[in-house]
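A.B. asks: Structure below; questions to follow.
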Amino acid sequence: MAGEALRIDLGTVADAAGSATVFYDGASVSVACRLEAARRDGLTIDCEVEAASFDAPRITGEDVARALKSCLAPGGPKVFIKLRAVVLKSGRGELCAACMAASLALCDADIPLRGLCGGGCVELGEGALAVVALGE
């Protein structure tokens, strides 16, 4: 993937309601979503994150779900959304790639959104800061 800043593949998981894989800033994350009957407790999104390698992911499912909640269309979905994110390759862009892949997976599943969740990484000396922009 040398020279590519961003690559997006849609429909990467055949048996999912929607899925996407995003390659961004040294990281690659694949997200698949499954739609279930609406829950009585009002929870609309649940996300689990795992790594494809032995390295622990730097992000949590709560990080991704929190970013996505503001992208949902007014009134929210009439279903419960179960997201599964797999960090295929860890890197600085892990959170940004996961949020982009998750919102694209929801689009692929025809979930109404206000906009897509995207982001970028900003260099800060020895580290990097993930900036996630939420669509309004």
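The values are calculated or read from the model by the stated rules, or taken from the named source; none is laboratory data. Everything numeric here is computed off the predicted structure, so don't read it as measured data. Using ideal geometry, Cβ is built from the backbone for each residue, glycine included, and neighbour counts are taken over all protein chains shown. Ligands, DNA and RNA are excluded from the accessible area calculation, which covers all protein heavy atoms including side chains. Shrake-Rupley method; radii C 1.70, N 1.55, O 1.52, S 1.80 Å.
A.B. asks: Ranking request for peptides 57-68, 98-109: highest mean number of other beta-carbon atoms within 10 Å first, then the rest in descending order.
C.D. replies: 98-109, 57-68
A.B. asks: Sticking with this structure for a sec: Quick one: which of 24-34, 7-17 comes out on top by average Cβ neighbours within 10 Å, and what's the full order, highest first?
C.D. replies: Per-residue mean Cβ counts within 10 Å order the peptides as 24-34, 7-17.
A.B. asks: Per residue, how large is the accessible surface of the range 1-64? Use a 1.4 angstrom probe and give square angstrom.
C.D. replies: Result: 60 Å² per residue.
A.B. asks: Can you give me the % of accessible surface on the range 1-91 that is carbon or sulfur? Probe 1.4 Å, all protein chains present, nothing else counted.
C.D. replies: That fraction is 53 percent.
A.B. asks: Separate question: Please give the length that would be gained between Asp110 and Glu48 if that part of the chain were fully extended, namely 0.36 nm times their separation in residues minus their C-alpha to C-alpha distance (nm, one decimal).
C.D. replies: 20.3 nm
A.B. asks: Given the Cα-Cα distance of Lys78 and Ile8 and 0.36 nm per residue of separation, how much length would full extension add, in nm?
C.D. replies: Stretched fully, the Lys78-Ile8 segment lengthens by 22.5 nm.
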